[in-house]
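First the structure, in the form of structure tokens, and then the observations on it.
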Amino acid sequence: MSRTLWSDALGVPHTLDQSALPFERREIALRSSADCEAAIREMRVRGAPLIGAVGAWGLALAIEADPADDALRAAYQRLAAARPTAVNLRWALDRVLRRVAHVPDAQRAALARREATDLCDEDAQCNERIGEQGARLLRMLAEQRSTLAGMAGADGTPLNLLTHCNAGSVATIEHGTALAAVFRLHEQGVPVHVWVDETRPRNQGSLTAWELSERGIAHTVIVDNAGGLLMMQGRVDAVIVGCDRVAANGDVANKIGTYLKALAARDNRLPFYVACPTSSIDVDTADGASIPIEERDAREVTHVAGRLDDGRAVEVRIVPQGSAVANPGFDITPARLVTALVTEHGVCDASRTAIAALMRRVSGAVA
């Protein structure tokens with residue numbers, strides 16, 4: 001699959017409109033900082049790495065329009081406020097800001113564009129490495145399970161994984177995070193089947209199902225509350241998810257419902273893996289309680305969008321008029337429930353000590 005964010009011959013960045021997927025592949029041009037902000041805020045782009053990349057382009061485009069300090073600060077603040085939970089957005093904005101902060105206004109636009117381009121290239125490389133690290137971990141799990149199954153005389157069924165939300169190619173520049181490991185495992189010829197949570201209220205599971213279908217990977221879409229029963233029945237071997245932020249102590253913010261999957265996995269003695277680029281690790285946030293949780297529009301809960309059999313797009317109300325609605329976009333999975341973080345620099349424990357050591361190693365490599 002080609003990159004999710006790319007530039008045309010005139011240098012205008014384009015991306016996929018995820019609100020149209022999986023039914024229609026629609027491209028949107030990001031011609032201004034306002035276009036980038038709207039795409040992020042309206043969830044036409046989703047996934048922490050992609051949000052960060054679009055944010056970087058948003059700041060670069062703002063600088064092209066007006067490189068002065070006041071305009072730069074205003075654009076930074078607008079973009080940062082578009083989605084507060086995913087730390088990649090602030091990380092990407094900070095990276096562009098550092099690149100241009102101490103140079104003359106006339107040089108800022110070219111440097112900001114170069115930084116946004118480099119960030120996208122590095123994201124693709126980062127997620128490819130996450131896929132390799134995750135596939136190695138899952139392959140070991142498959143081999144262990146096959147050994148036990150052989151001793152028991154079982155028939156060699158595929159490795160059964162459960163996902164939540166979408167952590168595939170369309171959530172990043174390329175490859176994905178959690179799904180990158182699944183894609184790599186499939187490429188290596190390891191039989192794999194994915195239980196795909198629908199992931200209400202935005203139904204990002206439909207994007208996961210679409211991506212798996214595109215690659216011919218066996219999968220089954222389930223309602224969000226089915227995962228616990230499947231784990232109890234022995235039909236899940238591991239849970240692997242992406243993340244929007246990891247606190248310094250290993251607590252993980254991800255799409256609402258992730259915490260419940262982690263609880264069920266722990267109760268059934270199953271590994272719970274979090275695919276996590278180091279750009280999603282926020283060492284300045286002490287723990288999960290310090291992560292801001294985005295409260296989203298009630299309409300995401302009261303209405304559901306889809307396609308009729310004749311192809312027409314429709315949106316229908318499913319909640320009675322007048323009912324109160326709460327719609328937190330994310331929840332926090334405590335570090336104690338996370339088996340391991342799978343990063344581009346290797347697999348590590350979700351603990352303050354392990355994360356600090358990992359980030360020191362990353363800082364040393366960058367320096």
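In terms of its C-alpha gyration tensor, region 238-301 has an oblate overall shape, because the principal axis ratio a/c (a ≥ b ≥ c, square roots of the eigenvalues) is not below 1.5 and a/b does not outweigh b/c. Within the assembled protein chains, the solvent-accessible surface assigned to Trp91 is about 90 Å², based on a 1.4 Å probe. P(r) for region 1-124, from all Cα pairs and a bin width of 10 Å, is 14, 50, 30, 5, 0 %, short bins first. Shape analysis of region 303-367 based on the Cα gyration tensor places the equivalent ellipsoid semi-axes at 44, 18, 11 Å, largest first. Between the Cα long axis of helix 105-152 and the first principal axis of the chain there is an angle of about 0°, rounded to the nearest 10. Helix 69-80 axis versus longest C-alpha principal axis of the chain: approximately 20°, rounded to the nearest ten. Note on the chain: Rg/Rh from C-alpha atoms, Kirkwood Rh, equals 0.97. Summary of the geometry: region 39-118 and region 289-356, compared by the centres of their Cα atoms, lie 24 Å apart.
For the chain, the relative contact order comes to 15 percent (Cα pairs under 8 Å, sequence separation of at least 6). For the chain, the longest principal axis of the C-alpha atoms and the axis of helix 178-187 are separated by about 60°. Looking at the chain, which longest stretch skips every one of the trypsin sites (Lys or Arg not before Pro) that is in a DSSP loop with at most 10 other Cβ atoms within 10 Å, leaving the sites themselves out? Between the exposed loop sites, the longest stretch runs 26-268. Here, P(r) means the percent of Cα pairs in each 10 Å bin from 0 to the largest distance; for region 137-249 it is 14, 46, 32, 8, 1. Each 5 Å bin from zero holds the following percent of Cα-Cα pairs in region 249-367: 2, 10, 16, 17, 14, 11, 10, 9, 6, 4, 2, 0.
The values are calculated or read from the model by the stated rules, or taken from the named source; none is laboratory data. What you are looking at is a predicted structure, and each value in this text was computed from that prediction instead of being measured. FYI the Cβ positions are ideal-geometry reconstructions off the backbone, even for glycines, and counts take in every protein chain you see. With ligands, DNA and RNA removed, areas are computed over all heavy atoms of the protein, side chains included. Shrake-Rupley method; radii C 1.70, N 1.55, O 1.52, S 1.80 Å.
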